[in-house]
Amino acid sequence: MEEYPVVDVSVVPEQRASWSGKLAFVLAAAGSAVGLGTIWRFPYLAAHYGGGTFIIVFLGLMLTLGVTLLVLEAALGRYTQSSVIKAFASFGRRWRPAGVFIAIIPFVISAYYCVVGGWVTHYMFAYGAGQSAQLADGGASFSAFIADSPQSVAFMLVFAAITFITVALGVNGGVERANLIMMPALIVISFLIAIYTLAQPGALAGLQYFFVPDWSKFSAELLIAALGQTFFGLSVATAVMVTYGSYMKKNVSVTSSSLQTTLTTLGISLLAGLMIIPATFVALGSADAVAKNSGPSLMFLVLPQVFVKLGVAGSVLGFVFFLLVVFAALTSMISLVESDVTILQDTLGWTRRKSLLIVIIFITLAGSVVTLGYSSLSFIQPLGKGTTLLDFLDFLTSSVMMPLAALVTCLLVGWVWRPDVLVDEVRESSRFRLRRAWVVMLQYVTPVLIVLVLVTSLLKAFGVISF
């Protein structure tokens, strides 16, 4: 067996920040994972693919594939004490381009994620101003808002500014403290909204629809959807978890932290379903309405119609719900910006302040361009008629770059660098009883599943297959 690579600590920052403990890492990692995709994508998928059937498959994949990837990336970050480019280069300079490829992903995602963050921030303020009825007009107000360049850019910048200020306060004073506040708040708010929703007449029918398996819906399409949600719902293959892993102390268990992060993400996913599916069932008569209105339309068109039917209580509920969504969006955006900053800091040797300044300029410019894709730049339609710059960037990252990044990482660690490098790193803080299972998942199962997701996503995008 080859000798382990020697990490060049001389190029690692002398006083690298570290999480205060396991709870800080778990909340930060879960905060990164629990974003807008969890709030609107998971309920739609569960409703569309047989409720409990999808949940069972998703649960199995999260506890196997998801934990495998989280352990891999957290251990890689802690072993190399670096963000993704230097982490890959520590195994040999020839692997640096692979690290560069993965490092591009959080920059691209942050460029459009802040745009959607601006949308939810606008809705939170609108509900706070008592505009519940105006927002429930079937999408006219939403279309007018995103086409209003000054207003939509302004809210994008408000959302981004909150993120920048948090990251500027540092890993402990900003990122960690924000997650210690927002993640518990997000869980409590989700729980309270779910309880309120389930207390409404007819909600129990929606609860049954959500949890009772309909095995007639089980299919290859369901499996692909659950696989995709596992990859994208855990924030893996985005360079984030490598960065967050590099802040882990040696006495913090990588395995238990990864498992707890996965379980937290699962719990919030289920709470999102409990908030949305029964509420839609009550207001619109069937949870099929969720499945027919996936993505942004579910959050910005359908749910406002649900809230307005509840009267004054719906106005309050709308504000609280979008406050929750803003928290979810911020925790994810913070992780992306933190990764961007650390990548520049580690790779180019810049100070944290200079790195953050460059990231602020980049996101402000790129986010503005993506926002204008709904107004003055709407003629740019990269994926065909009716598509936007945001659609293109989302497809590029989620359907192409992230699966490729996960595949490259698994193949390099599993077959080139060899798993024992990271196995020993994990054993620094825990016994790693499931080492053999993890190695099998890493070398065989995970790469096959990633290829399946990648190929299917591409075939679907180009119209070769219909699901």
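The values are calculated or read from the model by the stated rules, or taken from the named source; none is laboratory data. Only a predicted model underlies this, so the values are computations on that prediction, with no experimental measurement involved. Methodologically, a virtual Cβ is constructed for each residue, glycine included, from the backbone with ideal geometry; neighbour enumeration extends over all protein chains shown. Side chains are part of the model used for accessible areas, which takes the heavy atoms of the whole protein and leaves out ligands, DNA and RNA. Shrake-Rupley method; radii C 1.70, N 1.55, O 1.52, S 1.80 Å.
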**Q.** C-alpha long axis of helix 446-461 to longest principal axis of the chain, angle in °
**A.** 40
Q.
If I ignore ligands, DNA and RNA and count only protein heavy atoms, how much of T456 is accessible to a 1.4 Å probe, in Å² to the nearest 10?
A. 20
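On a full-extension model of 0.36 nm per residue, what is the gain between F362 and D214, subtracting their alpha-carbon distance, rounded to one decimal in nm? Intermediate values should be presented prior to the final figure.
Values: separation 148, 0.36 × 148 = 53.28 nm, distance 4.64 nm.
Once the chain is fully extended between F362 and D214, it gains 48.6 nm.
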**Q.** Alpha carbon centroid spacing (whole Å) that separates the stretch 78-154 from the stretch 22-38
**A.** 16
Q.
Helix 254-284 against the longest principal axis of the chain: what's the angle in degrees, Cα atoms only, rounded to the nearest 10?
A. 10
Q: Would you kindly compute the Cα radius of gyration of the chain and its largest Cα-Cα separation (Dmax), both in Å?
A: 21.4, 68
**Q.** Distance (nanometres) between label positions extended 7 Å along Cα→Cβ at D391 and K249
**A.** 4.9
Q.
Using only Cα atoms and rounding to the nearest 10 degrees, what angle (0 to 90) does helix 96-128 make with the longest principal axis of the chain?
A. 30
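Against the empirical 2.2 N^0.38 Å scaling, what ratio does the C-alpha Rg of the stretch 154-258 come to? Can you show the working numbers first?
Details: Rg = 19.3 Å, N = 105, 2.2 N^0.38 = 12.9 Å.
Taking N as the residue count of the stretch 154-258, the ratio is 1.49.
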**Q.** Percent accessible area from carbon and sulfur atoms, the chain, protein chains only, probe 1.4 Å
**A.** 67
Q.
Solvent-accessible area of W415, probe 1.4 Å, all protein chains present, reported in Å² to the nearest ten, please.
A. 110
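In whole percent, what relative contact order does the chain give with Cα contacts below 8 Å and a gap of six or more residues? Provide the component values of the computation, followed by the final result.
Working: 719 pairs, mean separation 149.3, N = 467.
Result for the chain is 32 percent.
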Q.
Could you compute how fast the stretch 204-290 diffuses translationally, taking Rh as the Kirkwood radius over C-alpha pairs and applying Stokes-Einstein at 10 °C with viscosity 1.306 mPa s? Give it in µm² per second.
A. 102
Q. Excluding ligands and nucleic acids, what accessible area in Å² is computed for Y44 using a 1.4 Å probe, to the nearest 10?
A. 50
Q.
Which lysines, if any, have their Cα less than 22 Å from the Cα of K217, not counting same-chain residues under 8 positions apart?
A. K292, K460
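Compute the accessible area per residue over the chain, keeping the other protein chains in place, probe 1.4 Å, unit Å².
38
Per DSSP H run of at least 4 residues, take -39500 (n - 2.57); add these up for the chain, divide by its residues and hand me the 222 nm value, nearest 500 deg cm²/dmol.
-21500 deg cm²/dmol
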